[in-house]
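Have a look at the structure below, then the notes.
The values are calculated or read from the model by the stated rules, or taken from the named source; none is laboratory data. Bear in mind that the values here come from a model prediction, so they are computed numbers and not experimental data. Ideal geometry is used to build each Cβ from the backbone, glycine not excepted, and the neighbour counts take in all protein chains shown. Each accessible area value is taken on the protein alone, full model and side chains, heavy atoms only, with ligands, DNA and RNA left out. Shrake-Rupley method; radii C 1.70, N 1.55, O 1.52, S 1.80 Å.
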Amino acid sequence: MNIAIIGLGVIGGSFAMGLQAAGYKNVFGVDINLETIELAEKEGFIRKGVVDAKDILSDMDVILLSLYPSQIAPFVNQHKALFKTGVVLTDVTGVKTEIIKQVTTVLPETADFIFAHPMRGSEKKGIIGADHTRFVGANALITPVPINKEENLQLIEQLYKEIGFEQVTRVSPELHDEQIAYVSQLMHALSVGVVNSSQASDETLTFAGNSFQELTRIADINGELWSELFLNNRAALLNSIELFEVELDALKKSLIENDENTLKKIFSKATTQRKHWY
């Protein structure tokens, strides 16, 4: 099976490493950066790399698009004439409903696109941050659409499990976007807000402990990518922000009113929920 990875950044590079480690020898890479391709070939992440996808696409059985959300549908539209009949495409994008809408309007009938999301990203950029061990024990999500063939869904699920993912779950695109707004995008919004606070100063780290470091880690963010993710999931993220504001206002109100009982109840509720999750 010939597998092409389009975009050898931190996620695409990690997939290339993982597939090679799992025994897939015909893994090919496409990237606009020649140095990235040379490094991937030298380290054995890929069998061969090219700058122009047109050089290899016609021979590919699986095409994994590790691209920004705005690049996915245009890539499919630009290269669809080269796709082998029966080719399976997949993505790693953190938003689904809008991307599915865009892709399905340009996808040829001879191809199948399995929309997927590995739940193990990174604040790093570039192939130098690639590490397939980040996938070991992680979760992944598949968002089936009516045109998908069952055997192709199972193929992508198999690839995920073979490179280390422990659980691969099928969910609707709508549920995916709703929940990702809460568990991922809201967390990044909070982290950015804390770091950008007017309270930040040169003395901040003198007073900061592990909790500050852990909360602010994901504020070291790829602004171009995350701007696209936020805007492509705008409605769901706004809803998550508004629901968070309700909880923050309740906590704020208990402080204004010097209401110790309510404050304790808020903390107790959070403690119980956290223990239920973990």
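A few notes on this one:
- Of all the criteria given as (1) of a type outside the set (S, T, N, Q); (2) open to solvent by less than 20 Å² (accessible area, probe 1.4 Å); (3) closer than 25 Å to V171 by Cα; (4) not in a loop (DSSP other than H, G, I, E, B), the one not satisfied by V95 is (4).
- Picking from residues in the stretch 201-212 that are part of a helix (DSSP H, G or I) and not aromatic (F, W, Y), the one that is nearest to F244 (Cα to Cα) is S211.
- If you go through the stretch 143-200 and keep only what is assigned to a helix (DSSP H, G or I), open to solvent by less than 60 Å² (accessible area, probe 1.4 Å), touching a strand residue (DSSP E or B) at 6+ places or on another chain (Cβ under 8 Å) and closer than 30 Å to G86 by Cα, you end up with N152, L153, L155, I156, E157, L159, Y160, H176.
- Answer residue from the stretch 1-20, given it is in a loop (DSSP other than H, G, I, E, B) and either among the β-branched types (V, I, T) or within 15 Å of the chain's Cα centre (by Cα) (or both) and is nearest to V76 (Cα to Cα) among those: G7
- Looking across the stretch 232-254, just one residue is of a type in the set (K, R) and either open to solvent by less than 80 Å² (accessible area, probe 1.4 Å) or over 12 Å from I266 (Cα atoms) (or both), and that is R234.
- Filter pass, D59 being closer than 24 Å to L19 by Cα and open to solvent by 50 Å² or more (accessible area, probe 1.4 Å): yes
- Of the listed requirements (1) on the phi < 0 side of the Ramachandran plot; (2) in contact with a strand residue (DSSP E or B) (Cβ under 9 Å, 6 or more places away or on another chain), G86 misses just one: (1).
- Taking the stretch 101-122 as the range and being open to solvent by 20 Å² or more (accessible area, probe 1.4 Å) and farther than 13 Å from S184 by Cβ as the test, the residues that pass are K101, Q102, T104, T105, V106, L107, P108, E109, T110.
- Screening the candidates G44, G23 for the property of being out of contact with any Gly (no Cβ under 9 Å at 6 or more places or on another chain), in a loop (DSSP other than H, G, I, E, B), closer than 20 Å to L155 by Cα and small (G, A, S) yields one hit, G23.
- Inter-residue pairs, beta-carbon under 7 Å, first under 20 Å from L225 (Cα atoms) and part of a loop (DSSP other than H, G, I, E, B) and in the stretch 125-139, second open to solvent by 80 Å² or more (accessible area, probe 1.4 Å) and among the hydrophobic types (A, V, I, L, M, F, W, C), 6+ apart: none
- Criterion violated by I218 - all others in (1) surrounded by 17 or more Cβ atoms within 10 Å (Cβ to Cβ); (2) outside any strand (DSSP E or B); (3) at pLDDT 95 or above satisfied: (3)
- Looking across the stretch 1-43, the residues that are open to solvent by 40 Å² or more (accessible area, probe 1.4 Å), out of contact with any strand residue (DSSP E or B) (no Cβ under 8 Å at 6 or more places or on another chain) and of a type outside the set (A, V, I, L, M) come down to G23, K25, N33, E35, K42, E43.
- For the stretch 236-268, taking the residues that are polar (S, T, N, Q) and part of a helix (DSSP H, G or I), the one that is farthest from the chain's Cα centre (by Cα) is identified as N261.
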